[in-house]
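The values are calculated or read from the model by the stated rules, or taken from the named source; none is laboratory data. Everything numeric here is computed off the predicted structure, so don't read it as measured data. Virtual Cβ from ideal backbone geometry, glycine too; neighbours counted across all protein chains shown. The area values use the complete protein model at the heavy-atom level, side chains included, leaving out ligands, DNA and RNA. Shrake-Rupley method; radii C 1.70, N 1.55, O 1.52, S 1.80 Å.
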Amino acid sequence: MKKAKIAVAYSGGLDTSVIIKWLMNKYNADIITVTGNLGQKKELNGLDKKAYATGAKKVFIKDLTHEFVYEYIFPALKAGALYEQAYPLATALGRPLLAKSLVEVAQMEKATMVAHGCTGKGNDQVRFEVAIAALAPELKVIAPLRVWEFKSREEEILYAKKHNIPVAATVNSPYSIDENIWGTAIECGVLEDPMIEPPPDAYQHTVSPEEAPDSPTLVAINFKEGIPVGLDGKKLDGVELINRLNDIGAKNAIGRIDLVENRLVGIKSREVYEAPAATILYFAHTELERLTLDKAVFHYKYHVAQEYANLIYNGLWFSPLKQALDAFVDETQKSVTGMVKVKLFKGNVTVAGRSSPYSLYDSELATYTNKDKFDHNASEGFIKIYGL
Ligand code: ARG
């Protein structure tokens, strides 16, 4: 009989390393690992060797950063999607792309099963499995963490030792961290107590406001149809632009988010995020919309933003609703071209200027000087009817 093939979403961490061996034993299968680079700072060098050393038959490491930025992050930015008005959705946006890449490899390699390392109480299992079902319903999904015998990390480490699985020394970090170019999510350890302020070692990239420089940093962000295209007037590729804003933002303590959030699976959890570029870009993008969007569109777009954030968070990226909302959002972005100058200072982002060829701000209507063209007398009739 031909050996079964399983494609595994592999990060190189303890869980997915143990998964390789565990699946090999349980299913007598050939394991193909699939790793996506979503622009995280963590090196992926040596990951292929590690996967082979653990027992993988074939290893795929794909750089998905550019696709992630242009096909996932920027649509969410244009929509203004922030989950529960706070979380820029870095992890949630990455999952459908990783799932897509896993499916592509599985189909190419004729694997009939795929596996992931998500836990049984998180959102990520839902995002992975709903995306896989949308793209390739014929694939059987295995979620080892939901079914296997290990009750703790210690038990997994013992299993790894017994089977000569190489595991990094960093497994004793008290936190569970997920990172990509759009942000870092940190949970577990002392962070499980919502009353405890995150200790300094919880933060991976940003300095505290206290440590940030005593003078502000100014950056001008150029947008074209809702997409950031340059900094200080210089054209930049989206990946480079986000990397730079992450660096500048982190130095100025921008983008720390401490959130008690509502998970799809019904529980509240406490997560700490670092997302400097996302924080700056959401702020700047909204400032430009304040200048260029008509009032009715600007107001209506709040609802769409919330709906869009919910569908990303809840794993419905590959859905008709997402496509329909994209069409609406893209229509609104036709005039979102221009420049926003932001001031970064000790954890705060403030606006220091904005301009656009499509600005709807009319100084002759707004001014209180003798240049005023507003018909003050017409207000009387307007108020009379409006107040009826
Ligand atoms: N709470 C976030 C979400 O559901 C992040 C999940 C992963 N977090 C982590 N620290 N491993 O999108």
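Conditions tested, residue by residue: (1) more than 16 Å from the ligand (Cβ to nearest atom); (2) outside any helix (DSSP H, G or I).
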position	(1), (2)
Leu264	no, yes
Tyr273	no, yes
Val297	yes, no
Phe318	yes, yes
Gln333	yes, no
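Which condition from (1) in contact with a helix residue (DSSP H, G or I) (Cβ under 7 Å, 6 or more places away or on another chain); (2) within 15 Å of the ligand (Cβ to nearest atom); (3) within 14 Å of Ala277 (Cα to Cα); (4) open to solvent by less than 70 Å² (accessible area, probe 1.4 Å) is the one that His205 breaks?
Of the numbered conditions (1) in contact with a helix residue (DSSP H, G or I) (Cβ under 7 Å, 6 or more places away or on another chain); (2) within 15 Å of the ligand (Cβ to nearest atom); (3) within 14 Å of Ala277 (Cα to Cα); (4) open to solvent by less than 70 Å² (accessible area, probe 1.4 Å), the odd one out for His205 is (4).
Out of all the residues in the stretch 68-81, is one or more more than 14 Å from Ile242 (Cβ to Cβ) and within 14 Å of the ligand (Cβ to nearest atom)?
yes
Could you run through the stretch 307-344 and say how many residues are in contact (Cβ under 8 Å) with a residue 60 or more places away in the chain and either more than 22 Å from Thr292 (Cβ to Cβ) or under 16 Å from the mean Cα position of the chain (by Cα) (or both)?
Total meeting the criteria: 12.
Taking the options Gly46, Gly55, name whichever one is without any contact (Cβ under 8 Å) to a residue 24 or more places away in the chain and on the phi > 0 side of the Ramachandran plot. Step through it out loud before you land on a result.
Working: Gly55 fails: without any contact (Cβ under 8 Å) to a residue 24 or more places away in the chain.
When all the criteria are applied, what remains is Gly46.
Could you tell me whether the stretch 123-135 includes any residue that is part of a strand (DSSP E or B) and open to solvent by 40 Å² or more (accessible area, probe 1.4 Å)?
no
Within the stretch 180-189, is even one residue open to solvent by less than 30 Å² (accessible area, probe 1.4 Å), of a type in the set (Phe, Trp, Tyr) and within 16 Å of the ligand (Cβ to nearest atom)?
yes
For a quick check of your reading of the model, give me the residue pairs whose first member lies in the stretch 173-202 and is part of a strand (DSSP E or B), whose second is more than 11 Å from the ligand (Cβ to nearest atom) and at pLDDT below 95, with beta-carbon atoms closer than 7 Å and at least 6 apart or on different chains.
Listed pairs, sorted by first residue: Glu179/Gln40; Glu179/Lys41; Glu179/Lys42; Asn180/Gln40.
Yes or no: the stretch 84-91 includes at least one residue that is assigned to a strand (DSSP E or B), touching a helix residue (DSSP H, G or I) at 6+ places or on another chain (Cβ under 9 Å) and buried (at least 24 other Cβ atoms within 10 Å of the Cβ).
No - not one qualifying residue is present in the stretch 84-91.
Ala284 passes all but one of (1) farther than 19 Å from Glu84 by Cβ; (2) open to solvent by 70 Å² or more (accessible area, probe 1.4 Å); (3) part of a helix (DSSP H, G or I); which number fails?
(2)
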